[in-house]
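Worksheet: one structure, shown below.
The values are calculated or read from the model by the stated rules, or taken from the named source; none is laboratory data. What you are looking at is a predicted structure, and each value in this text was computed from that prediction instead of being measured. All Cβ positions, even for glycine, are placed from backbone atoms using ideal geometry, and neighbour counts span all protein chains on display. Surface accessibility is based on the protein's heavy atoms, side chains included, excluding ligands, DNA and RNA. Shrake-Rupley method; radii C 1.70, N 1.55, O 1.52, S 1.80 Å.
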Amino acid sequence: MRGAWLLLFPLIVHLAVLAGTVEVAAWVILVYLLVQLVSMQRVCAPVRMVLGCAVCVPFALLILYGTADWVLFALPVLVYGTLLKVFSDSLKPGHEPIATRFARALEDPPLGEPVLRYTRAVTRLWAVYFLTMLICSVLLAVLAPLWLWSWFANVAGYALTATLFVAEFLIRRRVLAGQVHPSVRGYFLKLSKCDYRSMMRR
């Protein structure tokens, strides 16, 4: 159910923008953020309340004061900015790259040096990708019509991310041909069982 909502959410926002109901799209984003905060069961209630006030109250004020488009612009900046920080921070000395953490969770044998080098390079690739998407989102928000920005942020951006994910999956099987790889079904099954939040926090 949550996966279906994640797929439908950007489409709903984009359709609202095309229909000229920017305020509706902004309220959809606000409700989405509230749902995400409520679902953070591992975060204590006072912290969730502070986060809710820090994020949702400014967004609500922007909508009420007639600047709802800034709520739309802020979401990709928050998402890509957060992912950029998480991935780039994991490349610092003393930290384990994000892609390496996922490899440890998905692969049964110990990771060899070729895998460690490859997963570090993949983590660097994703960091560059998120930086590029962040820059493009900001430039389109400032220079392009709202519908074009929305198409990029709510449709093309997700398609590009999925394409890069699948491309990396296929390239990995060629670059690391000597490794034992799970089947496509087995890979996505293991991926669905990963504890993303704990791996992102390490």
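Before moving on, here are some points about what is shown:
- If you filter segment 141-156 down to residues that are assigned to a helix (DSSP H, G or I) and over 17 Å from Pro10 (Cα atoms), you find that the one that is least open to solvent (accessible area, probe 1.4 Å) is Val142.
- From the options Leu18, Leu7, Leu34, residue that is closer than 30 Å to Pro145 by Cβ, at pLDDT 80 or above and not polar (S, T, N, Q): Leu18
- Residue in segment 70-92 that is in a loop (DSSP other than H, G, I, E, B), modelled with pLDDT under 80 and not aromatic (Phe, Trp, Tyr) present: no
- Segment 142-168 residues that are touching a residue at least 24 places away in the same chain (Cβ under 8 Å) and closer than 14 Å to Trp126 by Cα, paired with ones that are part of a helix (DSSP H, G or I) and open to solvent by 50 Å² or more (accessible area, probe 1.4 Å) (beta carbon under 6 Å, 6 or more apart): none
- Residue among Ala167, Ala159 that alone is assigned to a helix (DSSP H, G or I), open to solvent by 30 Å² or more (accessible area, probe 1.4 Å), modelled with pLDDT of 90 or more and over 29 Å from Val22 (Cβ atoms): Ala167
- Yes/no for Val115 being closer than 19 Å to Leu170 by Cα, open to solvent by less than 70 Å² (accessible area, probe 1.4 Å) and touching a helix residue (DSSP H, G or I) at 6+ places or on another chain (Cβ under 8 Å): yes
- Leu134 passes every criterion in (1) at pLDDT 90 or above; (2) open to solvent by 50 Å² or more (accessible area, probe 1.4 Å); (3) in a helix (DSSP H, G or I) apart from (2).
- Residues satisfying the stated conditions in segment 75-102, i.e. open to solvent by 20 Å² or more (accessible area, probe 1.4 Å), of a type in the set (Val, Ile, Thr) and touching a residue at least 60 places away in the same chain (Cβ under 8 Å): Val77, Val86
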